[in-house]
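What follows draws every value from the coordinates through simple rules; no lab data is involved. The structure displayed is predicted, hence computed values, not measured ones.
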Amino acid sequence: MKSGSRSCRDCDKREDPCPLCDEAKEVLKPYNNRFILQEVDITLPENAAWYERYKFDIPVLHLNGQFLMMHRVNISKLEKQLLKLEQQGAGG
């Protein structure tokens, strides 16, 4: 399986759960069998580096440790990158 991570914080610390992140998770549901989604709460002290980097840009998606997109899920970009990773994994 391909691994992925998503950085998420609750919006302006007033809304929990974060509606932007919830929307992204819904869009990603059909792809759950193609990667492992790891949510990161960037408001936790141990995630301060993520907070400084992405505090105004949630949600953020990284795929295999590489930045992929922010703000909204771009399905065509996601599909293209997943296909590329799957082909590399198959030796092609």
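Around the amide H of Glu39, modelled in the peptide plane, lie the amide H atoms of Arg6, all under 5 Å away and 5 or more residues distant in sequence or on another chain. In order along segment 54-61, the Karplus-derived 3J(HN,Hα) couplings, from 6.51 cos²θ - 1.76 cosθ + 1.60 at θ = phi - 60°, round to 10, 4, 10, 10, 8, x, 10, 10 Hz, and Gly and Pro are given as x.
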